[in-house]
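All remarks here apply to the structure that follows.
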Amino acid sequence: MYDPGLQPERTELAWRRTALAIAIGSLLSLRVFPLVLPPAAGAWGVVPGILGVATACVLWVAARRRQARTTAVLTERATGPLPGGGLPLLLTVFASGFGVVALVLVAVAQLTA
């Protein structure tokens, strides 16, 4: 029997906080990268920020859908397995890619300075 505790809601709120943190970090990178990079590469400085904001939006929506699906399955209103690990995988891929892009941009800035 399903325990009507708040665990699915708490999980969704945790994912929302993660999405907000990504959005804030991405907006900061939009502000900082164009200042740090040389003028020739300045346009590339906005790419990580735009991708980060888009990823944050996707995470926000996916967290809500995941919470609704989990609650539906647990209350037996829907059949099928619980949502899998796609959301954590997406976050891991994004964080790794963002880190690599940021390191490359900083390395380019240092090498051209």
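The values are calculated or read from the model by the stated rules, or taken from the named source; none is laboratory data. Everything numeric in this text was worked out from a predicted model, so none of it was measured. So basically every Cβ, Gly included, is an ideal-geometry build from the backbone, and we count neighbours across all protein chains shown.
Which of the residues that make up the stretch 86-113 are β-branched (Val, Ile, Thr) and closer than 17 Å to GLY49 by Cβ? VAL100, VAL101, VAL104, VAL106, VAL108, listed by residue number.
In this structure, does ARG31 turn out to be in a helix (DSSP H, G or I), modelled with pLDDT of 90 or more, exposed (fewer than 13 other Cβ atoms within 10 Å of the Cβ) and among the basic types (Lys, Arg)?
Considered against the rule, which asks whether it is in a helix (DSSP H, G or I), modelled with pLDDT of 90 or more, exposed (fewer than 13 other Cβ atoms within 10 Å of the Cβ) and among the basic types (Lys, Arg), ARG31 comes out as no.
Table: residues versus (1) at pLDDT below 85; (2) within 18 Å of VAL100 (Cβ to Cβ); (3) assigned to a helix (DSSP H, G or I); (4) among the aliphatic types (A, V, I, L, M).
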site: GLY42; (1), (2), (3), (4): yes, no, yes, no
site: GLY45; (1), (2), (3), (4): yes, yes, yes, no
site: GLY49; (1), (2), (3), (4): no, yes, yes, no
site: VAL61; (1), (2), (3), (4): no, no, yes, yes
site: ARG65; (1), (2), (3), (4): no, no, yes, no
site: THR70; (1), (2), (3), (4): yes, no, yes, no
site: ALA78; (1), (2), (3), (4): yes, no, no, yes
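Restricting the first member to the stretch 47-67 and to residues that are free of Cβ contacts under 8 Å to residues at least 12 places away in the same chain, and the second to residues that are buried (at least 18 other Cβ atoms within 10 Å of the Cβ) and in a helix (DSSP H, G or I), no beta-carbon pair is closer than 7 Å while six or more apart or on different chains.
Just one of the listed residues (LEU13, LEU6, LEU74) is of a type in the set (A, V, I, L, M, F, W, C) and modelled with pLDDT of 85 or more, namely LEU13.
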